[in-house]
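Laboratory data are not the source of any read-out in this text; all were calculated from the coordinates shown. Small disclaimer: the values here were computed from a predicted structure and weren't measured. Methodologically, a virtual Cβ is constructed for each residue, glycine included, from the backbone with ideal geometry; neighbour enumeration extends over all protein chains shown.
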Amino acid sequence: MNNITKKITLAAVTLTLVVNLFFLFRTKADDKVETPGSMQMDVINTPMMRDDQIILRLANNHRPDYPTSRACDYFAELVEERTDGRIKILNYHSAQLGDEKATVGQVMYGGIDLARVSTALLTDFDSELIALQMPYLYEDTDHMWRVLNSEIGDSFLTGMDKMGVEGLCWYDAGARNFYASSPITCLEDLQGMKIRVQESAFMVDLISALGAVPVEMSFAKVEMALKQGEVDGAENNFSSYISTRNYLHAKYLALDEHIRIPEVIIMNKEVLENLDEADQEIIRQAAKDSSKKQKELWDECEEQNRNIVEAAGNEICQISDKEAFIERVQPLYQKYGGDYQEILDQIEQMKSDEMKNQS
Ligand code: GCU
């Protein structure tokens with residue numbers, strides 16, 4: 001290569017480098033969107049910044065005084081404390097960021113950073129989670145927690161990456177019961193009743209298997225639907241039956257405990273992984289610590305629930321034929337159970353010895 005060719009090659013390489021650097025920096029600068037005040041937000045899934053502080057938004061559809069919301073507040077406090085204020089989680093309770101199903105979608109695509117949700121709302125995106133919420137699966141809350149705190153629970157949290165999220169920790173949501181404007185004491189009472197269900201194909205199947213007519217609806221709309229007779233009843237845990245004021249409109253509660261649906265805090269995976277590794281660990285650990293707190297708050301709340309319902313003059317119905325309910329949901333084990341038989345067997349093995357001997 002003569003000198004002139006060398007100079008031309010060098011000039012071409014330098015020019016390419018300069019052009020590439022120009023586009024690289026221009027793209028970075030263009031990714032920033034100025035928002036009112038001193039807020040600055042990245043378009044791609046990186047956290048919002050306010051001055052030097054990282055701001056994360058967490059969606060939750062419960063009232064601020066609900067035990068689960070208080071645990072989310074505790075989680076936010078721990079993160080702020082352990083990062084010396086560098087990371088702030090803003091909790092939006094009472095479905096301020098949209099109904100639960102919409103917030104799941106938002107976290108998956110990064111519009112919202114975190115959400116506390118019922119796993120029933122995730123099964124349409126990750127059907128494996130059905131294995132953790134099959135009807136009459138757990139003998140009691142301790143059994144469920146043995147599962148959630150085991151490798152099974154951990155693998156479900158990390159397995160949520162197929163939705164673009166990381167499951168940070170589990171929360172308790174007790175057992176769900178039916179309630180209606182007329183008594184439910186046996187399976188016959190439930191036949192043909194219009195029952196509100198969460199927006200989940202699996203929940204629709206469950207309620208249909210029990211002979212009721214499922215009506216999918218978001219959580220916030222249930223009170224009005226009961227009041228206006230759009231549905232005859234609904235199903236939820238004791239604490240939500242009260243916090244939503246559903247107990248004022250559906251005076252009969254049947255303690256059939258047909259399902260326990262674990263709850264989870266999910267975080268957009270890219271947003272999490274764009275943080276320093278040390279900060280990622282702080283967030284993961286704070287979520288785990290808030291899970292213990294949530295369980296305590298949950299148990300305290302559950303203790304008071306029966307008194308509130310009884311003081312309101314509601315009737316707590318005992319189910320005369322729980323075995324008939326269990327029998328009716330068996331086709332769901334055939335439909336969904338097959339794919340997850342191994343996990344279901346492991347969950348069965350985690351029952352207390354006394355229960356295992358009986359079954
Ligand atoms: C429970 C759960 C909520 C859910 C609700 C529902 O209250 O905690 O996350 O939205 O049930 O039935 O929709």
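Would you work out the relative contact order for the chain, in percent, from Cα pairs under 8 angstrom that are 6 or more residues apart? Walk me through the intermediate numbers first.
Values: 591 pairs, mean separation 75.1, N = 359.
Relative contact order comes out at 21 percent.
3J(HN,Hα) along the range 319-331, derived from phi through the Karplus expression 6.51 cos²θ - 1.76 cosθ + 1.60 where θ = phi - 60°, amounts to 8, 7, 10, 4, 4, 5, 5, 4, 4, 5, 8, 4, x Hz, with x in place of Gly and Pro. Between amide H atoms placed 1.01 Å from N, distances below 5 Å from residue 165 occur with 269, all of them 5 or more places distant or on a separate chain.
Using the Cβ-Cβ distance between residue 299 and residue 81 with R0 = 22 Å, the FRET efficiency computed as 1/(1 + (r/R0)^6) comes to roughly 0.35.
Label positions at residue 341 and residue 280, each projected 7 Å from the Cα along the C-beta direction, are separated by 3.7 nm. Charge dipole of the chain (Cα centre as origin; +1 on each Lys and Arg Cβ, -1 on each Asp and Glu Cβ, all else neutral): 1360 debye, rounded to the nearest 20.
Let me know the shape class of the chain, please: from the alpha-carbon gyration tensor, a ≥ b ≥ c as square roots of the eigenvalues, rounded when a/c is under 1.5, otherwise prolate if a/b is greater than b/c, or oblate. In terms of gyration-tensor shape, prolate.
Listed here are the pairs 101/295; 292/335; 101/292; 269/351; 101/351; which of them are more than 27 Å apart at the Cα? Among 101/295; 292/335; 101/292; 269/351; 101/351, the Cα-Cα distance tops 27 Å for 292/335; 269/351; 101/351. Most simply put, the chain has about 65% antiparallel DSSP beta bridges, counting only bridges with both residues inside it. Ranking 164, 149, 190 by Cα position along the charge dipole of the range 144-198, where only Lys, Arg, Asp and Glu carry charges on their C-beta atoms, puts 190 farthest toward the positive end.
In a fully extended conformation the segment linking residue 333 and residue 124 would gain 73.5 nm over its present Cα-Cα distance, using 0.36 nm per residue. When the helices of the chain are scored as -39500 (n - 2.57) per DSSP H run of n ≥ 4 and the total is divided over every residue, the value at 222 nm lands at -14000 deg cm²/dmol. What you get for the range 200-263, charging only the Cβ of Lys and Arg (+1) and of Asp and Glu (-1), is a dipole of about 260 debye around the Cα centre.
A full extension of the chain between residue 307 and residue 49 corresponds to an added length of 88.3 nm, given 0.36 nm per residue minus the alpha carbon distance.
Could you size up the charge dipole of the range 111-214 around its Cα centre, putting +1 on the beta carbon of Lys and Arg and -1 on that of Asp and Glu, and report it in debye to the nearest 20?
Details: 6 positive and 16 negative charges, 79 e Å.
Dipole magnitude for the range 111-214 comes out near 380 debye.
Along the range 192-209 the Karplus relation, 6.51 cos²θ - 1.76 cosθ + 1.60 evaluated at θ = phi - 60°, assigns HN-Hα couplings of x, 5, 7, 10, 5, 10, 5, 6, 7, 4, 5, 5, 4, 4, 4, 5, 5, 4 Hz to successive residues, with x for each Gly and Pro.
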